[in-house]
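The values are calculated or read from the model by the stated rules, or taken from the named source; none is laboratory data. None of these values were measured; they are calculated from a predicted model. Using ideal geometry, Cβ is built from the backbone for each residue, glycine included, and neighbour counts are taken over all protein chains shown. Just the protein is used for accessible areas: all its heavy atoms, side chains included, with ligands, DNA and RNA removed. Shrake-Rupley method; radii C 1.70, N 1.55, O 1.52, S 1.80 Å.
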Amino acid sequence: MTAQEVRLCGLLLQEHFGEVVERIGTHLLIAGTQNLRTIANETNTPLDLHGACEFGSGRRGPGSPVEYRASCERVLRVLRYPRYIYTAKTLYGDTGELIVEEVLQRGHMTMSNTVKTVADRLTHNMEEGRSMEYSEVVSAFSKLVETHFLQRCPPVAEMGTAATSATPATPGTPATPASTAPPTAESNPDCYKLPHVTLTGRGKRRRSSDDSEEQRGGKKVKVDSESCGDEGIYWQVNFERFHQHFRDQAIVSAVASKLDQTSSEIVRTMLRMSEVTTTQTAAYTQPLSANEIFRSLPPNYSISRPILDQYLSLLVDDPMEFVGKSGDSGGGMYVVNLQRALANLARATLESVVQERFGSRSARIFRLLLRKRHLEQKQVEDFAMIPAKEAKDMLYTLLSENLVQLQEIPKTPDHAPSRTFYLYTVNQLPTARLLLQHCYKTVANLIERRLFETKENKRLLEKSQRIEAILASLQASGAEPEQLTEVEEMITAPERQQLEALRHHINKLDSTENQVDETVFLLESYIFSTKTK
């Protein structure tokens, strides 16, 4: 774990969960597994403020104090929550969006509790007299489970003796023991089996006073006390399944930009057919015959079978090697080469970064070294067709940024410069790790800037929120337009202009943060694929 990762985790914890969680989480990330008394002493925090981390039986065996630890990977996933929620909305509409949002915020929930909460929220946003049926929410929940976007939490019985009071670790994740081999959701044979839930009725429209009670836990006790047949069966978001979906989308987009829309739709069909049967660590998708692919193509792509064979041959022969052939039965067996695709996507990302930072000529040298592996300076000048002085400056700039490495191959044991080959090269994996750390630093800077902007304009933001609350209250009570106009004029024109500029700036920071996270995801996926290769 690097300093940039710890810094980013601390900022995410502070922004989403407050200073106490940030202080404890950062301490555990740095210090590792510790018991409760040690954490309290070293962070100067009262004991009753703890409980937001993973825990398990002590390393000294039965009877030893329970130990806690924080997971950097799970904290960093908070950064991607908006993308998970937006994906659920794209695939399963508003109902799927709210289901994933609720489970992410609470870490884990029962199916009945989720259905009731989401139905109430949807009903609250509907027109007066309309309400959401529980059955519609159950249908969306079932689809999310069938496609493995939701999964059961590991059973409490398997989580060690210390897990009797299961508390989420980092907020948004269920607790797991601190042992070396904790049980996983996939180890449960009923991981994607829906319980029989007796739910009938509709969502209820809540008053504003009810919302505050629910935040204090009053409503939650009432919902949990109702027997629905799924007590003790908790569900969590399957992050790996979402990451698999993001990876597939990136591959399809790359094929569309490299070839055409029909080729990308063929690859999308192959990925969709094997999305549930292909594990996250698989190097290839399950082999699919040309006949199966032809039958599974969307109806609006009315291409003939010979045309499909030509497209498949084109994809197999493409230098990107996104699609490979593994047999000849059934008109040919084809797979999507996932590891090769991630490597090519990471390479394109590295090339893009070099071009943006150092210009097109430096990017040409970088691409040349990626393809030729090892070249002398004179060879770089000749192949890249760049004057010697410029090529030398660009190589030294890339070398100083650790984007290019210099390898010495001596002809004699004395390593005399006149009898030594100096070869420039690019090691893609270390360069990807370096860029990933730069991305972590960039996201942390963006978060710090947003927190600073919010703090500097705190008074104006609080005033705006108070006025908005007054306007909402007056509108609900049927106030006259003159009254509403009088309240709106409490914010002066310069203040309104300042608010608009602040909101524009904050939105720009949020958008940039999401764009950097896309790069982070690609690089993390590529690095992970090299570990499982």
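Full extension from A283 to A476: what is 0.36 nm times the residue separation minus their Cα-Cα distance, to one decimal in nm?
Difference between extended and current length: 63.7 nm.
Between R459 and Q483, what FRET efficiency follows from the Cβ-Cβ distance if R0 is 25 Å, with the result rounded to 0.05?
FRET efficiency, R459 to Q483: 0.50.
Compare the peptides 105-116, 410-421 by average per-residue count of other Cβ atoms within 10 angstrom and give them in order, highest first.
105-116, 410-421
If you find the alpha carbon centre of the range 66-98 and of the range 455-529, how far apart are they in angstrom?
Here the answer is 23 Å between Cα centres.
In sequence order, what are the phi-derived ³J(HN,Hα) couplings for the range 367-375 according to the Karplus relation 6.51 cos²θ - 1.76 cosθ + 1.60 with θ = phi - 60°, rounded to whole Hz, with x for glycine and proline?
For the range 367-375, the Karplus curve yields 5, 4, 5, 5, 8, 8, 6, 10, 9 Hz.
Determine the sum of side-chain charges near G93: Lys and Arg each +1, Asp and Glu each -1, restricted to other residues whose C-beta is under 11 angstrom from that of G93.
Within the 11 Å Cβ shell, the charges total -1.
For K193, list the lysines whose Cα falls under 17 Å from its own Cα; do not include residues on the same chain fewer than 8 positions away.
List returned: K143.
So between R361 and E390, what do we pick up on full extension, going 0.36 nm a residue minus the alpha carbon distance?
This chain segment gains 9.5 nm when fully extended.
Can you tell me the order of 459-469, 357-367 when each peptide is scored by its average per-residue count of other Cβ atoms within 10 angstrom, highest first?
Descending packing order for the listed peptides: 357-367, 459-469.
For Y234, Y84, write out the residues from largest to smallest accessible area, computed with a 1.4 angstrom probe and no ligands counted.
Sorted descending by solvent-accessible area, the residues read Y234, Y84.
For a Förster distance of 25 Å, can you work out the FRET efficiency between the beta-carbons of S329 and D260, rounded to the nearest 0.05?
Working: r = 28 Å, r/R0 = 1.12.
Here the calculated transfer efficiency is 0.35.
Using a 7 Å offset from Cα along Cα-Cβ at I467, what residues in the range 491-526 end up with backbone N under 12 Å from the label point?
Zone members listed by number: 491-500.
Among the aspartates and glutamates, select those whose C-alpha is under 19 Å from the C-alpha of K378, and discard any that sit fewer than 8 residues away in the same chain.
E390, D393, E408
Where in the range 239-264 does the amide nitrogen come within less than 17 Å of the point 7 Å from the Cα of D318, taken along Cα to Cβ?
247-264
Alpha carbon centre of the range 122-152 versus the range 382-440: separation in Å?
Centre-to-centre distance over Cα atoms comes out at 56 Å.
Multiply the residue gap between R295 and L406 by 0.36 nm, knock off their C-alpha separation, and tell me the result in nm, one decimal place.
Numbers: separation 111, 0.36 × 111 = 39.96 nm, distance 5.19 nm.
Between R295 and L406, full extension yields 34.8 nm more.
L451 label point, 7 Å along Cα→Cβ, cut-off 13 Å on backbone N: hits in the range 1-25?
6-25
Quick one: what are the phi-derived ³J(HN,Hα) couplings along the range 263-276, Karplus 6.51/-1.76/1.60 with θ = phi - 60°, whole Hz, x for glycine and proline?
Taking θ as phi minus 60°, the curve returns 4, 5, 5, 5, 5, 4, 5, 5, 5, 5, 5, 10, 5, 8 Hz for the range 263-276.
Under 20 Å Cα to Cα from K325, which lysines show up? Leave out anything in the same chain fewer than 8 places away.
By straight Cα distance, K325 reaches K258, K533.
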